[in-house]
1. Just one of (1) closer than 28 Å to Glu75 by Cβ; (2) modelled with pLDDT of 90 or more trips up Leu241, so point out which.
2. Listed residues Leu90, Leu94, Leu63, Leu98; which is in a helix (DSSP H, G or I), over 19 Å from the mean Cα position of the chain (by Cα), modelled with pLDDT of 95 or more and surrounded by fewer than 19 Cβ atoms within 10 Å (Cβ to Cβ)?
3. Taking Ala44, is it assigned to a helix (DSSP H, G or I), modelled with pLDDT of 95 or more and loosely packed, with under 13 Cβ neighbours inside 10 Å?
4. Mind telling me which of the residues Gly118, Gly164, Gly107 ends up being assigned to a loop (DSSP other than H, G, I, E, B) and either under 14 Å from Gly185 (Cβ atoms) or of a type in the set (Gly, Ala, Ser) (or both)?
5. Could you tell me whether any residue of region 157-169 is modelled with pLDDT of 90 or more and not hydrophobic (A, V, I, L, M, F, W, C)?
6. Which of (1) surrounded by fewer than 21 Cβ atoms within 10 Å (Cβ to Cβ); (2) modelled with pLDDT of 85 or more; (3) more than 20 Å from Glu249 (Cα to Cα) does Leu124 not meet, given it meets every other one?
7. What residue, among those in region 202-220 that are within 11 Å of the chain's Cα centre (by Cα) and hydrophobic (A, V, I, L, M, F, W, C), is surrounded by the fewest Cβ atoms within 10 Å (Cβ to Cβ)?
8. Given Leu165, Leu150, Leu179, Leu137, which one is under 25 Å from Cys20 (Cβ atoms) and without any contact (Cβ under 8 Å) to a residue 40 or more places away in the chain?
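The values are calculated or read from the model by the stated rules, or taken from the named source; none is laboratory data. Everything numeric here is computed off the predicted structure, so don't read it as measured data. Positions of Cβ are backbone-derived with ideal geometry, glycine not excepted, and every protein chain shown enters the neighbour counts.
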Amino acid sequence: MSHRTTTLKKLRQGATETACALLCLAGPSVIANGLSQTLLSGEAWMGARNGLRILALLLGYVLWVRWREQRPVHELGLTGAARETGLGLLIGGLMVALGVGAMAWGGAYQVQAINGPGHAVALLPLVLSLAALEEILFRLILLRLMEHWLGTGWGLFISSLLFGLAHLGMGPANVASTLLLGLEGGLLFGAAYLLTRRLWLCLGLHIGWNFVQMGIFSADATLALKRVGWLQASIDGPAWLTGGVHGMEASVPAALLCLSVGAVLLTLAIQRGQWQARRTVSKPQHRGA
């Protein structure tokens, strides 16, 4: 059998395996989504709806790993979870603080009122649920499956691209801002997953980034998620500094921060031997940190 034929066979096998995995994982999620939309309609129940979707995704994921891959679900293990999540929260929060600091230094961010911590706390259910949904789907499921059949490079690229495209309908997002978000968030969160091969560091990073951006500094400008947090501020300045209508995530300081921290995490992951070529085994195997 030629090398080309073998490669095509492996790619077909990978596509079939991935499709089966996504179908098995999507089943419980679709059911949970339908029930939640029917029983818990309205914006006030958004956190509860997302919570049901998270539980359904996790249930489907655990069942798939135990049935198809026949191994313990190490990536959801609780040993060290608090430490990894806390580290992610700290890094994500500091990154946003530096980005807002750059805007303030340039005169583009000015605090107008202090609303109190209650405004920030009220955003926690939304922030936690959205971050968990996205990290489970894009890192734990898509990145891992794509990496198995195509290698780490393609897995990271494809999952990042899909991560960006998933935000295309949020507020004033366009193709350019979507690709930028995929590059920033996909690299940052994907590298965090690759470093530990667990959910917690990338989840903490995502929560820290979103919560400090929305809940503390009210610096999210997308129409879909615009919320007033602890500090009510006026953001007015050049688009390269503020991100313009696309929010802080589309600014040059935020891009530099995400790409720099993501590159550091990815370098550490490579040094730990976590960069993988396309595998030739029949089932995905989990590699710990």
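1. With respect to (1) closer than 28 Å to Glu75 by Cβ; (2) modelled with pLDDT of 90 or more, Leu241 is out only on (1).
2. Only one candidate qualifies: Leu98.
3. No, not satisfied.
4. Checking each option against the conditions leaves just Gly107.
5. Yes: region 157-169 contains one or more residues that are modelled with pLDDT of 90 or more and not hydrophobic (A, V, I, L, M, F, W, C).
6. (3)
7. Step by step, filter region 202-220, then rank; the result is Ile207.
8. Just a single option satisfies the conditions, and that option is Leu165.
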